[in-house]
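Report on the following structure.
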Amino acid sequence: MSIDAQQYRVQAEPYYQPQGREVALFEAAYRNRLPVMVKGPTGCGKSRFVEHMAWRLGKPLITVACNEDMTASDLVGRYLLEGGGTRWLDGPLTTAARIGAICYLDEIVEARQDTTVVIHPLTDHRRTLPLDKKGELIQAHPDFQLVISYNPGYQSLMKDLKQSTKQRFTAFDFDYPEAGLETTILCKESGLDAETAAKLVKIGHAARNLKGHGLDEGISTRLMVYAAQLIRDGVDAGDACRMALVRPITDDADIRQTLDHAIDVTFA
């Protein structure tokens with residue numbers, strides 16, 4: 001059965017504000033069909049960047065949200081019982097390799113290491129995917145590219161990529177944008193005025209300074225966009241900030257009080 005690649009195309013341009021030369025560098029990686037690893041903190045724009053590049057290149061995009069229960073079969077496919085017999089169903093990685101899509105494995109470090117090994121033959125000169133259960137060896141479509149992302153802040157002995165996996169990829173380091181650029185992003189994403197957006201960014205940067213001092217992660221650009229959307233909808237700025245910026249990231253009473261105070265001062 002043929003697969004309609006059109007269903008996986010990004011139809012409208014996803015807004016993405018470049019921070020450096022990442023767009024041109026990703027295009028160079030794609031021209032050479034090099035696998036790409038995107039590293040950075042939660043909510044800094046990794047997934048939006050990949051979506052934007054798929055749209056920019058005019059290629060189908062198949063995204064997989066990785067998790068610790070994901071098996072190799074979830075990626076490559078499995079046989080299903082059907083009408084007294086069996087039918088093979090391709091997984092997302094197999095589908096991408098067949099149709100020449102960009103396959104994006106989001107937060108790959110969440111997947112078990114024995115699962116991620118299945119991607120290795122697709123990330124070197126072979127560009128193949130063996131379907132052992134089916135007895136088939138897939139030669140990846142010439143347009144196929146593999147992209148993975150993860151948050152280095154969550155690295156541990158139990159949750160990290162093997163060096164044998166890391167060294168198969170080119171890589172980008174992402175971080176939260178500088179204040180002026182982040183303000184522009186908030187305005188574009190929410191329609192909020194620049195003055196109020198700049199205040200949200202100020203609060204966000206104050207929280208990021210607490211990372212490692214009671215906070216595992218700072219306030220992401222994504223959460224700031226949520227707050228901006230609430231304010232744009234008429235929600236009180238203080239309430240919007242507490243709801244979107246503070247309560248999601250910590251249950252620590254002292255840190256909440258510190259950030260709540262920063263909100264009150266900023267929006268006084």
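If you go through segment 132-153 one residue at a time, do you hit one that is under 20 Å from Asn67 (Cα atoms), in contact (Cβ under 8 Å) with a residue 40 or more places away in the chain, assigned to a loop (DSSP other than H, G, I, E, B) and within 21 Å of the chain's Cα centre (by Cα)? Yes, segment 132-153 contains at least one residue that is under 20 Å from Asn67 (Cα atoms), in contact (Cβ under 8 Å) with a residue 40 or more places away in the chain, assigned to a loop (DSSP other than H, G, I, E, B) and within 21 Å of the chain's Cα centre (by Cα). Answer yes or no: is there a residue in segment 168-182 that is in a helix (DSSP H, G or I), crowded, with 21+ Cβ neighbours inside 10 Å and of a type outside the set (Asp, Glu). Looking for residues that are in a helix (DSSP H, G or I), crowded, with 21+ Cβ neighbours inside 10 Å and of a type outside the set (Asp, Glu), one finds none in segment 168-182, hence no.
For segment 100-125, taking the residues that are under 14 Å from Val76 (Cα atoms), surrounded by fewer than 23 Cβ atoms within 10 Å (Cβ to Cβ) and touching a strand residue (DSSP E or B) at 6+ places or on another chain (Cβ under 9 Å), the one that is modelled with the lowest pLDDT is identified as Thr116. What are the residues in segment 69-105 that are over 19 Å from Leu161 (Cβ atoms) and without any contact (Cβ under 8 Å) to a residue 12 or more places away in the chain, if any? Of everything in segment 69-105, those that are over 19 Å from Leu161 (Cβ atoms) and without any contact (Cβ under 8 Å) to a residue 12 or more places away in the chain turn out to be Leu80, Leu81, Glu82, Gly83, Gly84, Gly85, Thr86, Arg87. One residue alone among Thr42, Thr63, Thr71 is among the hydroxyl-bearing types (Ser, Thr, Tyr) and farther than 30 Å from Gly204 by Cα, and that residue is Thr71.
The values are calculated or read from the model by the stated rules, or taken from the named source; none is laboratory data. The model shown is predicted, which means the values in this text are computed figures rather than measured ones. Using ideal geometry, Cβ is built from the backbone for each residue, glycine included, and neighbour counts are taken over all protein chains shown.
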